[in-house]
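In what follows, a structure is listed as structure tokens, so that the remarks can point back to it.
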Amino acid sequence: MNTILRKSILGVAGLAFTGGVFAGPVAAHAAETTTHAKPVSVTVQGDKLIPHGVQGAQSRIDLDDEQTKNVKAIIAATKKAGMDERAAVVSIATALQESKLENLGHLGDRNDHDSQGLFQQRPSSGWGTVEQITDPEYSTTAFLKGLKQVDGWQDMPLTKAAQTVQVSAYPDHYAQWEQQAADLVAQHWTK
């Protein structure tokens, strides 16, 4: 193997390792519960829920009752904000990446700064008080307010729209949840 190719492979492996080490508790938790699956299509998705198609390998987790309740809260807040199903897909995919749809409180040393709630929003960054950002309706509304400020969010890939609002250290990770988020919106939007 030539030296340049070997160094490239080792560099990519090092980045992957470093990303795993610094991703924090949410990523560590994700490794325990995440399964990778091929996209599953739902008849109502079409252009409305996944207008760009999914990007890359998709992840999927089984949801418990609390996580399903949070999905429904995100959808309700999206409707209340006057936004459509695509906004709910972006919101749910973001919450899947940030917290696996768990309304996380402060995790002590395992916490990324003071990030909390479904969207891992930070009081110190102006998202609201701890009580506010751990309220699913408030945190979703805050996320959607940020999304509305992104010019053309409806026409960009999910991961770019989510990243513009969240400013994550791992901007491409949102894409892996698009199919499950779309499936959840298809399942719960009209209920």
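Explain nothing, just the number: dipole magnitude of segment 55-142 about its Cα centre with +1 on each Lys and Arg Cβ and -1 on each Asp and Glu Cβ, in debye rounded to the nearest 20.
Roughly 300 debye for segment 55-142.
Using a probe of 1.4 angstrom, how much of the accessible area of segment 126-191 is carbon and sulfur, in percent?
50
Take the residue pairs Lys72/Lys145; Lys69/Lys100; Lys148/Lys191; Lys79/Lys145; Lys69/Lys160; Lys48/Lys79 and return only those whose Cα atoms are more than 20 Å apart.
Beyond 20 Å: Lys148/Lys191; Lys69/Lys160.
Just reorder Glu178, Glu102, Glu66 by solvent-accessible area, largest first, 1.4 Å probe, all chains present.
I get Glu66, Glu102, Glu178, largest accessible area first.
Output ³J(HN,Hα) for segment 125-140: one whole-Hz value per residue in order, computed from phi by the Karplus curve 6.51 cos²θ - 1.76 cosθ + 1.60 with θ = phi - 60°, and x for Gly and Pro.
My calculation for segment 125-140 gives 9, x, 6, x, 6, 4, 4, 5, 6, 9, 9, x, 5, 4, 5, 5 Hz in order.
The values are calculated or read from the model by the stated rules, or taken from the named source; none is laboratory data. Remember, predicted model here, so these are calculated numbers, not experimental data. Neighbour counts run over all protein chains shown; Cβ positions are idealised from the backbone, glycine included. Please note that ligands, DNA and RNA were not included when accessible areas were found on the heavy atoms of the full protein model with its side chains. Shrake-Rupley method; radii C 1.70, N 1.55, O 1.52, S 1.80 Å.
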